[in-house]
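Before any comments, here is the structure.
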Amino acid sequence: MLKGLGGLWVVALGLLLGCRPASAQGTAADYERAATIGARLKETVFRDRITPRWDETGSRLWYRVRTGPSASEFVRVDAESGTKSAAFDAVRLAAALAKATGESVASGDLPVSALRYEDAECQLEFRFEGRRWKCDLSTYKLTEIAHDGDGAAEEPASDRSRRTGPETELVVVNRTAGPLRLVWVDLEGGRRPYGMIEPDATARQHTFGGHVWELVNAEGETVRRCEARDETTRIVIGSNDPKPVERPSMRRSGRSRNRDGGSSVSPGGVWSARLVDHNLIVREESSGEEFPLTEDGTAEDGYGADLHWSPDGRRLVAMREVKAKEHLVHLVESSPKDQVEPRLISVPYLKPGDTIARRRPRLFDIEAKREVPLESEALFDNPWSIDEVRWAADSSRFTFLYNQRGHQVLRVLDVDAGTGAVRQVVDERSATFIDYAGKTYAHWLNDGELLWMSERDGWNHLWLIDAESSNVKNQVTRGDWAVRRVLHVDDAERQVWFLAGGVVAGQDPYYLHLCRANLDGTGFVVLTEGDGTHEVEFSPDRRFFVDRWSRVDKPPVTELRASENGRLIVTLEEADSSLMEAAGIPRIERFTAPGRDGTTEIHGILVKPSTFDPLKRYPVLENVYAGPHDQHVPKAWGGLEGMRAMAELGFVVVMADGMGTNWRSKAFHDVCWKNLKDAGFADRLAWLKAAGASRPWLDLDRVGLYGGSAGGQNALRGLLDHGDFYKAAVADCGCHDNRMDKIWWNELWMGWPVGPEYAANSNVMDAGRLQGKLLLVVGELDRNVDPASTMQVVDALIRADKDFELLVIPGAGHGAAESAYGRRRRADFLVRHVMGVEPRRTETN
């Protein structure tokens, strides 16, 4: 007993004396560390990421890995045996290249883009300074490859950016006679110009591994397309180098699209259809005869370019659409660069409750030159969207996906092509909402079976549907975990490959693992092992996969595994973070505690400053974002520079996902339904208090929060509903009233028609309840969230006679607080009102 009391005395003494308030916070030195955290993190972690390059046999791969600030290794792997070896002698190759070209290149920066194996001989191909080379690795003799004139890029590139890898750089040397425009091809295939490169000039462009770039000449021709490697990518365009590169078609599979005056040709080429004045004109290609298929289309209710021919070319499905009612948001650019007077900018922007476009499928018999009326239109008479039109192989019927406005009904409908009869294949319903934006998946195995995603049993799972009877054949996956993303369906083997969260007991339920299941519901297996979140990349024949896994507190491990059973073949790389530890940058800390119900685990992280002293007490900042479309606490290894920068000022910065966010159970998610003001606060407060109980260095008497967009809405709500706990908040570009924000996001979570719940959740309506210190930040040209949403909060606060601060940034868009000035003002505000000291950004202020 005495020994126990002595232990309690030691703890009490530590609490009274040991955990003293942190001193010298908010100083110039703190601001300097915050400003330079990105630079201090850079070049501190190596062997953390690779891009595997497979040979044509699918049994060997090679990759390049950075091993230090200016060092790399090239590694060759035999996937069958699991053996690793150096791909070639980089020093010897660099010397051979210098001898052949007269230009030196560092051995750690060799521009290798292909490694080809031929029996026992290994040859290396690469491009350097606009010339292509082949190297015999038995002698390291270089042979220049004659230019084939095909305008090929450094390596085959996708039609758009499909992967966002690590930060890297694209270096472009323009040795043509004219300027070249650098264009980024984004994730949707859109092309965004990034400036001109003059003749004989070199441009250096920040990018990410996997991003696709094009170089366009003065005639508008794409002369080179390349995909950025994870290491620096160097491109040299010579005067006689490239011919124009044809841009990939962006047409979606199975859908014929044309613009007014364009043409869509039927399978077999017998017919073509085009739009003229919102109506369809059909042409018989052999005779050239044309006839109007429709004559009732108007500008307000016309036929569109979304055309779907039956496989036999005899029938056509077209979409007819009533236009949405225009809703303009008016922005004032107060300080345009090219004139003194302000400029009015009007942006189309639908809001909850607005009249939206109304699409209806129309079926035509081309040979009979007539429309086949669709029966039972009540099954699809109130669409949010109608898409995914699919014809049966025998042209007897087609199906489409109907998403009803209000997002409580999602149907797959089947139409008999001869009679127009409509029946339901799937009728998905929810008393709250169907998360169509994140949890919709439909894969036709044949014309009689559909693999369907649903939360009908309370978790996001896959179901096999009998399309003829509309009955469930079987549940493919089941359990208290969620299918996150389907990666591949093997129709022949009747297997599905997918990523799942919560599938490994004892691990964070948000960690992704690769899984496989048979479509009859048997054979479920988890193919990845490490306690972390996983990203996988398959070999071309899918026999192997590269698994990169990590946690916020564990650098990445990269493994090669067998797809058949997940067997570990060889560990390719383990990241080296020793330089980061040497620099005194602490790892992120994970923490889990029960939420509001006392049982559901809430997962979050804590970010400490590099000057952390466990004997001091630190004020706490919560980085809040409770948008229900996703989960938001980082799970994989990464810099988290923004949170680290705030921590360097002398805070501990925390973040947690409460109820109402995505990717747990349906019940967990449903907390947000018509209740966005909840924002999981009850869970995150319980989590924070539990963290404080075990970590005396957390000062829960000094807690603030900050967030942007939905997080801006949450940050203000923290002071409105929990002002007894939070002392101050910075709300950036918040959607403070869901009636004022974009239509899709708000109708999905708040429902339709617009009901009294919208006003009940409004920060504007509750502004008079403000406690604590508030800074509102808004960009005057925010096209994402109407800036008036913030200004209406301002109006309500003034009417309620509340003190607050407002920062309007001229010319800024969404996320104005992430500008340099916005970040500084946010930091100063939180240092002043949470830390309780005046900011000392310099030694003299």
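Kindly rank 830-839, 509-518 from highest to lowest mean number of other beta carbons found within 10 Å of each residue.
Top of the packing list down: 509-518, 830-839.
Under the 0.36 nm per residue contour assumption, what length would be gained going from the current alpha-carbon distance of Asn382 and Glu43 to full extension?
Values: separation 339, 0.36 × 339 = 122.04 nm, distance 5.45 nm.
116.6 nm is the gain from fully extending Asn382 to Glu43.
Over the chain, with the other protein chains present, what is the accessible area per residue in square angstrom, probe 1.4 angstrom? Can you show the working numbers first?
Values: 35840 Å² over 845 residues.
Heavy-atom SASA per residue in the chain reads 42 Å².
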(Q) Quick check: pseudo-label points 7 Å beyond the Cα along Cα→Cβ at His443 and Arg343, how many nm apart are they? (A) 4.7
Q: Quick one: check the C-alpha center-to-center distance for segment 678-700 versus segment 168-237, whole angstrom.
A: 48
Q | Cβ crowding within 10 Å averaged over residues, with 793-803, 404-414, 708-718 ranked highest first | A | 708-718, 404-414, 793-803
(Q) Counting C-alpha atoms alone, how compact is segment 338-379: give Rg to one decimal and Dmax as a whole number, in angstrom. (A) 21.6, 63
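Decide, for segment 494-649, between rounded, prolate and oblate: order the square roots of the alpha carbon gyration tensor eigenvalues as a ≥ b ≥ c, take rounded if a/c falls under 1.5, and otherwise choose prolate if a/b is larger than b/c, else oblate.
Details: a/c = 2.81, a/b = 1.59, b/c = 1.77.
Taking the square roots of the gyration eigenvalues as a ≥ b ≥ c, segment 494-649 is oblate.
Rounded, prolate or oblate for segment 267-368? Axes are the square roots of the Cα gyration tensor eigenvalues, ordered a ≥ b ≥ c, and the cut-off for rounded is a/c under 1.5.
Values: a/c = 3.70, a/b = 2.50, b/c = 1.48.
In terms of gyration-tensor shape, prolate.
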Q. Can you list the residues of segment 295-316 with backbone N under 13 Å from a point 7 Å past the Cα of Glu326, pointing along Cα to Cβ?
A. 300
**Q.** Per-residue SASA entry for Ser85, accessible area with 1.4 Å probe, Å² rounded to 10
**A.** 60
(Q) As a test question: what accessible area, to the nearest 10 Å², does Ser107 have when a 1.4 Å probe is rolled over all protein chains in place? (A) 40
Q) In a Debye calculation with equal point scatterers on the alpha-carbon sites of segment 629-712 and no solvent, what is log10 I(q)/I(0) at q = 0.27 Å⁻¹? A) -1.43
Q | Net +/- balance of residues flanking Val831 in space, Cβ distance below 15 Å, scoring K and R +1, D and E -1 | A | +4
Q: Mind giving me the FRET efficiency for Arg191 and Glu818? R0 is 22 Å, r the Cβ-Cβ distance, nearest 0.05 is fine.
A: 0.30
Q: Mind ranking Trp444, Trp663 by accessible surface for me, highest first, 1.4 Å probe?
A: Trp444, Trp663
Q | Radius, Kirkwood style, for the chain when every pair of distinct Cα atoms is counted (Å) | A | 30.6
Q: Could you please report the charge total around Gly598, scoring K, R as +1 and D, E as -1 over all other residues with beta-carbon less than 14 angstrom from its beta-carbon?
A: -1
Q. Val171 to Ser85: extension gain in nm, 0.36 nm per residue of separation minus the Cα-Cα distance?
A. 28.0 nm
Q) Among Ala636, Val105, Trp184, whose Cα lies farthest out toward the positive end of the dipole of the chain, if unit charges sit on the beta carbon of Lys, Arg (+1) and Asp, Glu (-1)? A) Ala636
Q | Label-point separation in nm, Asp491 to Ala100, each point 7 Å along Cα→Cβ | A | 4.5
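How far, in nm, would the chain grow between Gln424 and Asp480 when pulled straight, counting 0.36 nm per residue and subtracting the alpha carbon separation?
On the way: separation 56, 0.36 × 56 = 20.16 nm, distance 2.88 nm.
Stretched fully, the Gln424-Asp480 segment lengthens by 17.3 nm.
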Q) By its C-alpha gyration tensor, with a ≥ b ≥ c as the square roots of the eigenvalues, how is segment 24-116 shaped: rounded for a/c under 1.5, else prolate for a/b larger than b/c, else oblate? A) oblate
Q | Percent accessible area from carbon and sulfur atoms, segment 580-692, protein chains only, probe 1.4 Å | A | 52
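So which GluC sites (Glu not before Pro) in segment 466-541 end up in coil per DSSP with only 10 or fewer other C-beta atoms within 10 Å?
Working: sites: Glu468, Glu493, Glu529, Glu535, Glu537; in loops: Glu468, Glu493, Glu529.
Sparse-neighbourhood loop GluC sites (Glu not before Pro): Glu493.
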Q | Label point distance in nm, Thr599-Asp457, each placed 7 Å from Cα along Cα→Cβ | A | 2.0
Q | P(r), alpha carbons of segment 527-582 - 5 Å bins starting at zero, rounded % | A | 5, 21, 28, 21, 13, 8, 4, 2, 0
Q) Can you tell me the Rg and Dmax of segment 478-526, counting just the alpha carbons, in angstroms? A) 10.8, 35
Q) Can you give the accessible area of Asp381 in Å² (nearest 10), computed on protein heavy atoms with a 1.4 Å probe? A) 80
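Only bridges with both residues in the chain count here: give the DSSP antiparallel percent, nearest 5. Can you show the working numbers first?
Working: 168 of 201 bridges.
Expressed as a percentage, antiparallel bridges in the chain total about 85.
Can you tell me the FRET efficiency between Ile798 and Glu300 if r is taken as the Cβ-Cβ distance and R0 is 35 Å, rounded to the nearest 0.05? It would help to have the intermediate numbers written out before the result.
Details: r = 42 Å, r/R0 = 1.21.
That pair, Ile798 with Glu300, gives E of 0.25.
The values are calculated or read from the model by the stated rules, or taken from the named source; none is laboratory data. The structure presented is a predicted model; accordingly, all values stated were derived computationally and were not measured. Every residue, glycine as well, gets a Cβ built from its backbone with ideal geometry; the counts of neighbours run over all protein chains shown. Only protein heavy atoms, including side chains, enter the accessible area calculation; ligands, DNA and RNA are left aside. Shrake-Rupley method; radii C 1.70, N 1.55, O 1.52, S 1.80 Å.
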